[in-house]
Structure formats: structure tokens, C-alpha cells
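Please read the structure below before turning to the comments.
The values are calculated or read from the model by the stated rules, or taken from the named source; none is laboratory data. Everything numeric in this text was worked out from a predicted model, so none of it was measured. Note: ideal-geometry Cβ built from the backbone for every residue, glycine included; neighbour counts use all protein chains shown.
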Amino acid sequence: MGTLSFRLAAGVAALICLLVTTEALTQAQLNLICFLGPSDKYYFAHPLSCKRFIQCDTSRRGFDMPCADYNCWNQDLLTQDHCSNVDCTWVPCCCHVTGDPHYHTCDGKSIHYQGECRYTIMKTCFDPADHPELTEFNIEGVNYVIPDFSMERTWLKEVYVEVFGMEFKFVLGPPPQVYRKLWTGDWELIPLGIGVTIVCNPFIARCVKIWRLVSQRIHFKFDYGVRIRWGYSQLDICTPGTYRGLLCGMCGTCNGDADDDFSLKDGAYVGYLYEDPSWPPTPQTQGMYDQIGESWMVPDPDLGPECQDSAGRRRKRQAAVQEDCPEANICDVIQNVEGVFGNCAASPLVNSEEYYVSCAVDVCSASGDEATLPEVQHEVACGIIETYAKACEEAGLGVFPGAWREVTDCPLTVCDTVGYNMRYNASMTGCPASCGTPSSEQCASQEGCECLAGYVRSGHLCVPRDRCGCEDAKGGYHQLGDTWASRNCTHWYMCVEPNQIEEIQSPCGVGSQCQLVDGLWTCTDPIKTTSTTTPSIIIPVV
């Protein structure tokens, strides 16, 4: 016996129906099955309806038989008068932004748009009165030009999240950092501790959870399971399926209809401009991407007037792209059905071709001298391949990280760049030993940066236990020897011993001012400047 999974036909495509047993299926129901997927699950070959396929593709482990429609109603699978008990659950809405940048929408489309401004990536688009059970949020991103790339392509530099009346900013690092916006408009650094950090809006008693993964990336979560993962120009957003059809932005609506992802902010459909997704995109297709991206542009006075005139210069750069790009062969692993991603490449659950195009775009637009160019091209390809691996994992088609990283020669280099005394581990505990807690094997294993023997996690670093830092009264974590100030610099502190904080004399001179600079409380003085930091309304969870 096995469990069957079906994607519903148009109108209810957001659901997955799980049959209790394969033995209960009639032949009429079997005629609906398009192909056998992972874990003995059967899937339709299209998320909306099998009507789009005359017969199933046997090369994808399928059945050579016509597909038909079906519906899910009152927890019954209704097909040509045959019913069987089912359990219906919602499919999550997951979107990935990576590279220069490529927006892989919740419904499986990709938008390759190199704008140089601020854009709405994902936000809720519903009347709160109609859905009081859901949380409103808004996620925006700022792209920046990379001078080391030909045609000055852009990458995601900063991410802004608004939720519960609070606003947060994620920046690149290394390591990636998180800031909170104060009522004054200044940005204050949140010094992430050893465990989970909770930041609350005390006026409505709503909170978000933030922590640093063992891979050094930032994980941000709030009510109802909305999750954001950020690090090194890669952004992953997942919401529960209850948000389906209630979202908008570059990530699409997540309504089960991939075609309408090629629509502008005002709802105008521009998908008729789309042509074959081969590299490079045709001028007509790129024009469609530009229209979509520009429609979601958000005014930002900090970016200046150049941001408003980026589209024309970007099109000129794209027109100079060479079509003959053998270096893109490094991306072939994404579509190789016989390779390490074979199951994922052979499955319509993940649009492997779109990820291949994203990879080719980045590789073929990289620049450098003869000695460094191959390394740059390989690095950008690895970024796309990693995002593809994540998409495969979410579809239940994951590959052990150590396997695909070895085949592609794509190591997790952050372990070498963020700090010393750590090494890459493809399968380590998600709760490693730290200055505050022992290691726990109860957490799910994941790839990350493992501290060497004799060292423990101290924030994002690995240190000997006798060099552990301090956690202040508000949950902020500080390395041994760090100094910081309270708000307005009225009190100054130093971490003098592991978990031992002493108040010290203020270094501020007469006439100096206390202000936030790069998120740190800074005492500005004509003679000296001291950087400090303090969190606000932050509760540690160890």
C-alpha cells in the first residue's frame, strides 16, 4: 500500500489530496495518474489540470494514458462517479530570489530582471476584514550594481520586511545582519544571540523570531509559519498555503496559475510577450520582464535619481550579451536527468529549465581577467545551483548536500570567510554546542559550519569556551572584549569575562553627540569615535 498525492484541477489547484490507500483506487481513478513521483506519490503533470497534456510523458516515469479532470469536494475524490476518502491539505507558497537577480515565483515561473532600485518582492493583498486569521506583511528588496560583472548586472543587496507595525532590514555581511527601524527613522543593529531572538511590538503584543542558522544565514519567522531565509544575495520566502491567491509582488500570486505571474502590478497581463526561455532572453521576453519589474518598483529617496533611469541602460547592456557561451556548460547539471539532481530534473514539480536559464544568465554575464574569470563564473553558478537544490528539497526531491556539492565542486565557502576554527559539515546538528547550551541531537540535521574540536559557537564565531562572550539584560550578544552603550550613550559597558559585564567610564568627550551609525550607537567626537550597540525590546530564547 502507498499514499497517493494529487494536484487538483483548475479552481482548486492549491490543494493536494492524499488518498488513504492505493488499493482503493478504481481504474477510472488510475486513469487520472500522470506519473509516479518520489516516495510512492503520484502527481499530475501540471499543477492546474491534466487537460494540457494529451497523454503522459513516459520518459518521466509516467503512464501512457489520457489524463482527465477531477475535483476535491467534501474530502472526497470525485472522479466519474467513483469516490474515495481523502485528506486535503494546502500546498505552501515558496519563492526564491537569487543571482542577478532571478525571481522564481511561487507557481513556478521565473522573472529575470536586473533593476537597480527597490521593488516589492512579496506582500499580502487582501482586505484584513476578510481574513482576520492571517497576518499582513510586506517584503521589499534593493538591488545594487556589481562592477566586477560585464554590463554591470545587479544583485539583491538589502531586504526590508514590514510586519506587526515593525520594520526590519537584512543586509549582506559577512555575516548577514538584521536591523530594526526605530521611531526616529534610524536603524539599530539586532545583535543576534546564541539561541532564538524574539523582537516584539509591545503595543499589540506580537513578535517575530530571528536566529542564525549553522550555515550563517538568517532565519526570520512570524505568526502562522511565514518563514524568510536570507544570506549572500539569496532570499527564500515560504508562507503556509492559506495565503494562496492572497499574495502579490515579483513572486506572483501563488494561486496555482503560473501564467498570471506574467502580469503587472495593476493586473494587466503581458505574458503574450513571452517567448522560448532559452539564453539569452529575446528582446521581446526581456521587455516583458522589464515591464513586470518596473511596475513593482517602490520609491526610495535614498537611492537617488539614477535609480529611475536604469531600464534603458540595462537594455543596452543586455543587447551586448554574446549568444555563444560555452562556459554555461557548468549549469548542465541542473537539467541532467541522469545526474545528481536526476529525480528533480525529471519532475515537473520544479521548473528545472528556468533555473538553468538563471544559471546561464549569470555565468555568461560575468567578467574578469583571464586568470580570475573562470573562478567568478563558477562562483555565480554555484549560487544558482544551491537555490535549485533548495527548490528540489521543498518539492520532496532533495539531494544530500554533500553529494551535489562534491559533484559540482560548490563548497559552502562561508565557513572559510566568516571566521576561523570552523569547517563545513554536510550533515550536522542544527543545535550545535554554544557558549550557552550543549549540543543537541534532537534538532534536525542540516549543512553548516561546524566548530572544530575544543571550540563552541559564540554568536557567529567559534571560540574556546574560556573566550565566550556576554549576553546583556535585553538579550543582545557581545563578543569578549566588546564595548557598547545604552540608548543615547548614557551608560557604557564591556564584556570583560565570559558572561561577565562591567559598566565602564563613558569615552564621550565634551560636546560629543550620540547617534546610530551603521546600526551601532556611536559617540561622535572631534577627537575620537566609539561604536556601540544595544537591542530594543528583545527577548532571548536559549
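Tabulated values for the structure
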| quantity | calculated |
| --- | --- |
| Residue, farthest from PRO411 (Cα to Cα), within the range 451-466, restricted to residues that are at pLDDT 85 or above and either of a type in the set (Asp, Glu) or surrounded by 16 or more Cβ atoms within 10 Å (Cβ to Cβ) (or both) | ASP466 |
| Close pairs from the range 343-356: first touching a residue at least 24 places away in the same chain (Cβ under 8 Å), partner outside any helix (DSSP H, G or I) and small (Gly, Ala, Ser), Cβ under 6 Å, at least 6 apart | PRO348/ALA45; LEU349/ALA395; VAL350/ALA395; ASN351/GLY108; GLU354/SER110 |
| Search result, residues across the range 481-496 that are surrounded by 15 or more Cβ atoms within 10 Å (Cβ to Cβ), touching an Asp or Glu at 6+ places or on another chain (Cβ under 9 Å) and farther than 26 Å from LYS209 by Cβ | TRP492, MET494 |
| Residue in the range 133-147 that is modelled with pLDDT under 90, closer than 27 Å to GLY245 by Cα and surrounded by fewer than 18 Cβ atoms within 10 Å (Cβ to Cβ) present | yes |
| Any hit, the range 87-97, residues being over 23 Å from LYS209 (Cα atoms) and modelled with pLDDT of 85 or more | no |
| Matching residues in the range 389-422 - criterion: being basic (Lys, Arg) and modelled with pLDDT under 85 | LYS390 |
| Residue list for the range 195-219, restricted to those being at pLDDT below 80, under 16 Å from PHE170 (Cα atoms) and in contact with a Lys or Arg (Cβ under 8 Å, 6 or more places away or on another chain) | LEU213 |
| In the range 284-296, the residues that are out of contact with any Ser or Thr (no Cβ under 8 Å at 6 or more places or on another chain) and either within 30 Å of TYR160 (Cα to Cα) or modelled with pLDDT under 80 (or both) | THR285, GLN286, GLY287, MET288, TYR289, ASP290, GLN291, GLY293, GLU294, SER295 |
| Only listed residue being at pLDDT 75 or above, crowded, with 18+ Cβ neighbours inside 10 Å, acidic (Asp, Glu) and assigned to a helix (DSSP H, G or I), chosen from GLU386, GLU447, GLU379 | GLU386 |
| Subset of the range 332-367 [of a type in the set (Gly, Ala, Ser), under 21 Å from SER233 (Cα atoms) and out of contact with any strand residue (DSSP E or B) (no Cβ under 9 Å at 6 or more places or on another chain)] | SER352, ALA360 |
| Where ILE527 falls short, out of the listed (1) closer than 19 Å to GLY475 by Cα; (2) at pLDDT below 85; (3) of a type in the set (A, V, I, L, M) | (1) |
| Failed condition for ARG423, given (1) assigned to a loop (DSSP other than H, G, I, E, B); (2) free of Cβ contacts under 8 Å to residues at least 40 places away in the same chain | (1) |
| Strands (runs of 3 or more DSSP E) within the range 462-523 that include 1 or more residues within 30 Å of ARG423 (Cα to Cα) | 483-485, 492-497, 500-504 |
| Residues satisfying the stated conditions in the range 497-520, i.e. touching a residue at least 12 places away in the same chain (Cβ under 8 Å) and among the aliphatic types (A, V, I, L, M) | ILE501, ILE504, LEU516, VAL517, LEU520 |
| Members of the range 177-224 found to be free of Cβ contacts under 8 Å to residues at least 24 places away in the same chain and either closer than 23 Å to GLN479 by Cβ or in contact with a Cys (Cβ under 9 Å, 6 or more places away or on another chain) (or both), listed by number | TRP211, HIS219 |
| Residue match in the range 194-209 (condition: within 27 Å of MET297 (Cα to Cα) and charged (D, E, K, R)) | no |
